[in-house]
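**Q** Here it is: the structure, laid out below.
The values are calculated or read from the model by the stated rules, or taken from the named source; none is laboratory data. The structure presented is a predicted model; accordingly, all values stated were derived computationally and were not measured. Neighbour counts run over all protein chains shown; Cβ positions are idealised from the backbone, glycine included.
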Amino acid sequence: MVLENIILEHEKGITTIFINRPEKLNALNRATILELHETLEMVDKNSEVRVIIITGSGDKAFVAGADISEFAHFSENEGAKLAAKGQQLLFDFIENMKTPVIAAINGFALGGGLELAMACHFRIASDNAKMGLPETSLGVIPGYGGTQRLPQLVGKGRAMEMIMTAGMIDAETAKIYGLVNHVVPQSDLFLTYMTLATRIMKNSPVAISKAIEAVNANFVSGVDGFDLEIKAFGECFATEDFKEGTSAFLEKRKAEFKGK
Ligand code: COA
């Protein structure tokens, strides 16, 4: 597949995906969502990739939302399909990936952009970042999971306020809200996510993927997360990574995990 809207960089087990439509503030059009889906699907199957970073090209925007020009004329049915397809291809897909995905928010993360960041496993932001769900100012609601994931991350009252006012919060407020874990100067964003990714890569990929599944289970209705945790915990004991991790500890050496 020819990539026209994203740029990929691979470095020592870390794949960075730059959403690359800076002239449109990296707004998510249909083509970008498809490219992201196919790329993420491919990268998630590559056992050499241990961490994925998603960020925006340029210094102004992570992603300024879904591409408004593509859906402005949509009917009720087309609107519902847009949300369903987007959630399935990108937002739910990322949340359930085996490989850890970190959003590095380097500027505006609005609407579908904030929803994309919220679907990632966690978020860091540069100090110029601005976040919000402005959809109600367009006469619509967040449709890529925003009404569900924002309250999970910041609490119901703050989510209601952000959605009803359609306003933006700055990076420091986002950190106080628990929406992002770290805020750093924009020039330090790369170093910060590479350092975090390098720390993650030292640990068992199998255990990390099971931890993602167990944490996510808390938010799936009808699934008992405690039961899932017990099952996943037990499964770890049958992995090579578990044998390597415990042996390395007892032998006072660094573990070399193979992700098996
Ligand atoms: N969809 C489509 N195009 C978008 C976009 C979006 N979500 N966000 C920005 N763009 C485009 C603008 O139309 C403009 O294109 P143009 O140069 O061809 O006119 C370009 O990106 C630059 O944006 P501009 O508005 O000129 O930049 P700004 O610095 O004045 O304002 C924002 C920045 C983010 C405040 C403003 O672009 C904005 O409000 N964007 C929409 C945010 C939104 O509502 N997102 C939710 C969508 S559901």
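**Q** Scan THR246, THR165 and give me the residue that is assigned by TED's automatic domain parsing to the domain that holds ASN128, β-branched (Val, Ile, Thr) and at pLDDT 95 or above. Reasoning before the result, please.
**A** Numbers: THR246 fails: assigned by TED's automatic domain parsing to the domain that holds ASN128.
Of THR246, THR165, the one residue that is assigned by TED's automatic domain parsing to the domain that holds ASN128, β-branched (Val, Ile, Thr) and at pLDDT 95 or above is THR165.
**Q** Continuing with the same structure: I'd like to know if region 33-48 contains one or more residues that are within 16 Å of the ligand (Cβ to nearest atom), touching a residue at least 40 places away in the same chain (Cβ under 8 Å), assigned to a strand (DSSP E or B) and not acidic (Asp, Glu).
**A** No, every residue in region 33-48 fails to be within 16 Å of the ligand (Cβ to nearest atom), touching a residue at least 40 places away in the same chain (Cβ under 8 Å), assigned to a strand (DSSP E or B) and not acidic (Asp, Glu).
**Q** Could you pull out the residue among LEU82, LEU36 that is over 28 Å from MET194 (Cα atoms), assigned by TED's automatic domain parsing to the domain that holds VAL140 and aliphatic (A, V, I, L, M)?
**A** Details: LEU36 fails: over 28 Å from MET194 (Cα atoms).
Of LEU82, LEU36, the one residue that is over 28 Å from MET194 (Cα atoms), assigned by TED's automatic domain parsing to the domain that holds VAL140 and aliphatic (A, V, I, L, M) is LEU82.
Residue-by-condition table, conditions (1) in contact with a strand residue (DSSP E or B) (Cβ under 8 Å, 6 or more places away or on another chain); (2) outside the structural domain of PRO134 (by TED's automatic domain parsing); (3) in contact (Cβ under 8 Å) with a residue 60 or more places away in the chain; (4) surrounded by 13 or more Cβ atoms within 10 Å (Cβ to Cβ):
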{"site": "ASP170", "(1), (2), (3), (4)": "yes, no, no, yes"}
{"site": "VAL180", "(1), (2), (3), (4)": "yes, no, yes, yes"}
{"site": "THR192", "(1), (2), (3), (4)": "yes, no, yes, yes"}
{"site": "THR195", "(1), (2), (3), (4)": "no, no, no, no"}
{"site": "ASN218", "(1), (2), (3), (4)": "no, yes, no, yes"}
{"site": "ASP227", "(1), (2), (3), (4)": "no, yes, no, no"}
{"site": "ALA232", "(1), (2), (3), (4)": "no, yes, no, yes"}
{"site": "ALA238", "(1), (2), (3), (4)": "no, yes, no, no"}
{"site": "ALA255", "(1), (2), (3), (4)": "no, yes, no, yes"}
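**Q** Does region 67-75 contain any residue that is surrounded by 23 or more Cβ atoms within 10 Å (Cβ to Cβ) and within 16 Å of the ligand (Cβ to nearest atom)? Spell out the reasoning first.
**A** At the first step, the residues of region 67-75 found to be surrounded by 23 or more Cβ atoms within 10 Å (Cβ to Cβ) are none.
There is no residue in region 67-75 that is surrounded by 23 or more Cβ atoms within 10 Å (Cβ to Cβ) and within 16 Å of the ligand (Cβ to nearest atom).
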